[in-house]
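Read-outs: derived from the displayed coordinates by stated rules, not from any lab. Just so you know, these numbers come straight off a predicted model, no measurement behind them. Glycine gets a Cβ as well: all are built from the backbone with ideal geometry, and neighbour counts include every protein chain shown.
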Amino acid sequence: MSAQNLALLAEPSRDCPLCPRLHDFIAQWRQREPEWFNAPVPTFLPPEGDEAVRFLIIGLAPGLRGANRTGRPFTGDYAGDLLYSTLIRFGFARGEFKARPDDGLELVGTAITNAVRCVPPENKPVGAEINTCRGFLKPTIERFPNLEAVLTLGGIAHQTTVRALGGRVAAMPFKHGGRHQAGGITLFSSYHCSRYNTNTGVLTEEMFVSVFSDVAKFLHK
């Protein structure tokens, strides 16, 4: 399949109807906050395009007042503060992150997407929605011809990514700092960088940085 066709298959339409609960939830927020993005959030790409991407980060889903509001993954909520500062630290991004999509921050050899592209109520997608949106995740992974490493943030993102790569979840269990081989890709995993996880001590900044250190060493081998 051509690169152009893969890119088209990887992005749901603005009014994607495949998950009725999510479609209706977004419709409600379009009425409440018409200035917000309120649509499936597209993959954030480096300016050089798909061929430059060697590293893909996969989160769970857009936050209501984060990516759903701004239209850029991990932009507008705490998770983005930790993620983008770490990306800049390891050279996977350049510029200054100011939590808005026009802040000029650029990715370097890296792309960021979500396992579920639409904001779910209470930040909790259901199984059918995760499975349906895998129809976009699979071509998202395949659109990057030079992809070498994928980092999944959280157990749900990890499991659906393993399935998208044709692997067995039982053979590749999620754990923080984990590493597996699937579909010719090296798959890294981390606890999600949500405020809840950092506030409760499930994830510390040092733990998060350690995973990115592993990815950087792998890519610069």
For segment 35-45, Karplus-derived ³J(HN,Hα) couplings (6.51, -1.76, 1.60; θ = phi - 60°; whole Hz; x for glycine and proline) come out as 8, 6, 5, 6, 6, x, 8, x, 5, 8, 10
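Where in the chain are the DSSP H helices whose C-alpha atoms run 15 Å or more along the long axis and whose mean Kyte hydropathy is at least 0.5? Show your work: numbers first, answer last.
On the way: long enough: 20-32 (18 Å, -1.29); 78-89 (17 Å, 0.43); 127-142 (22 Å, -0.18); 205-219 (21 Å, 0.83).
Qualifying helices, which must be both long enough and hydrophobic enough, are 205-219.
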Identify which of the listed values of Cα extents along the principal axes in Å was calculated from the structure shown: (i) 75, 47, 31; (ii) 49, 37, 35; (iii) 55, 42, 37. (ii)
LYS175-ARG21 FRET efficiency (beta carbon distance; Förster radius 22 Å; 0.05 resolution): 0.15
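If you filter segment 119-173 for trypsin sites (Lys or Arg not before Pro), then keep DSSP loop positions with at most 15 other Cβ within 10 Å, what is left? Mind showing how you got there, number by number?
Values: sites: ARG134, ARG143, ARG163, ARG168; in loops: ARG143, ARG168.
Qualifying residues, ordered by number: ARG168.
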Report, in debye and to the nearest 20, how large the dipole of the chain comes out about its Cα centre when Lys and Arg carry +1 and Asp and Glu carry -1 on their Cβ. 500
Unit charges at the beta carbon, dipole of segment 1-124: most positive-side option, ALA93, ALA10, CYS118: CYS118
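I'd like the FRET efficiency for GLU205 and GLN31, computed as 1/(1 + (r/R0)^6) with the beta carbon distance as r and R0 of 30 Å, rounded to 0.05. Can you show the working numbers first?
Details: r = 38 Å, r/R0 = 1.28.
According to the calculation, E is roughly 0.20.
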Helix-derived [θ] at 222 nm for the chain: sum -39500 (n - 2.57) over DSSP H runs of at least 4, divide by residue count, nearest 500? -11000 deg cm²/dmol
The answer for ALA111, listing residues at least 5 apart or on another chain whose modeled amide H is closer than 5 Å to its amide H, is PHE55, LEU56, ILE57
